[in-house]
């Protein structure tokens with residue numbers, strides 16, 4: 001692009017002329033601000049399963065692994081609600097990481113996204129750290145659309161107890177609710193007429209490595225004692241817990257980063273990466 005410099009005489013010495021921003025320029029400024037936002041473009045993704053993981057002795061494990069999900073996944077039919085409660089962990093940059101980059105982990109509950117990849121109804125909290133500052137953000141999502149955030153109505157701090165609930169009223173509509181049990185704040189969002197429809201064949205309680213910009217966000221160290229309690233789901237009208245769930249752990253670059261167990265209404269997920 002060629003720019004031409006034009007000299008314009010000043011009518012008043014030392015005077016500065018304030019030019020109002022056009023709507024186009026205002027929109028551009030807002031877009032630039034959003035692009036600089038550390039959460040811009042983040043989203044939860046369907047389960048990216050890893051077929052097998054090779055151990056140090058050259059053998060392959062028979063466990064279930066994913067590059068982005070750790071937690072418990074029920075596989076069945078007629079799942080119409082999922083709920084769980086967790087204490088928001090303090091996160092840190094993994095050993096050898098770059099503190100100037102953003103590292104995240106997302107704790108959530110949801111319907112579908114594993115054996116059914118067409119849609120996911122989910123809600124939870126993103127827990128991120130960059131330059132030593134931790135941010136906790138409540139969100140809701142009907143995948144494949146990107147996450148949406150509650151910018152008002154709820155604040156979440158490290159150590160707060162949070163309950164997340166999703167309910168499917170149909171395969172194309174439902175609701176997501178996040179409640180901060182520590183301060184009494186609660187927010188909800190209702191989905192209607194979604195073009196991507198649920199199969200209602202999966203219920204899950206997950207700690208995820210988020211996606212952004214076509215890849216995974218660097219995964220934060222969320223500690224060794226994260227637990228989702230009160231884990232329950234409704235399947236064909238009956239209340240169920242995690243019994244019989246598939247246990248998922250995150251493996252990236254042939255390194256296992258998490259260790260998960262589930263029993264009854266509790267899912268324990270530990271970060272074991274470097």
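When residue 62 is tested against the conditions (1) over 12 Å from the mean Cα position of the chain (by Cα); (2) at pLDDT 95 or above; (3) over 26 Å from residue 234 (Cα atoms), the lone failure is (2). The residue that is surrounded by the fewest Cβ atoms within 10 Å (Cβ to Cβ), among those in the stretch 239-252 that are closer than 17 Å to residue 200 by Cα and free of Cβ contacts under 8 Å to residues at least 60 places away in the same chain, is 239.
For the stretch 253-274, taking the residues that are without any contact (Cβ under 8 Å) to a residue 40 or more places away in the chain and not in a strand (DSSP E or B), the one that is nearest to residue 95 (Cα to Cα) is identified as 253. Could you say whether any residue in the stretch 208-222 is over 22 Å from residue 71 (Cα atoms) and either exposed (fewer than 15 other Cβ atoms within 10 Å of the Cβ) or touching a residue at least 12 places away in the same chain (Cβ under 8 Å) (or both)? The answer is yes; a qualifying residue exists.
Hey, any hits in the stretch 230-238 for a residue that's within 24 Å of residue 68 (Cβ to Cβ), buried (at least 22 other Cβ atoms within 10 Å of the Cβ) and touching a residue at least 40 places away in the same chain (Cβ under 8 Å)? Looking for residues that are within 24 Å of residue 68 (Cβ to Cβ), buried (at least 22 other Cβ atoms within 10 Å of the Cβ) and touching a residue at least 40 places away in the same chain (Cβ under 8 Å), one finds at least one in the stretch 230-238, hence yes. Here residue 77 meets the list (1) at pLDDT 80 or above; (2) in a loop (DSSP other than H, G, I, E, B); (3) within 30 Å of residue 158 (Cα to Cα) almost entirely, failing just condition (3).
The values are calculated or read from the model by the stated rules, or taken from the named source; none is laboratory data. The structure displayed is predicted, hence computed values, not measured ones. Every residue, glycine among them, receives a Cβ derived from its backbone with ideal geometry; neighbour counts consider all protein chains shown.
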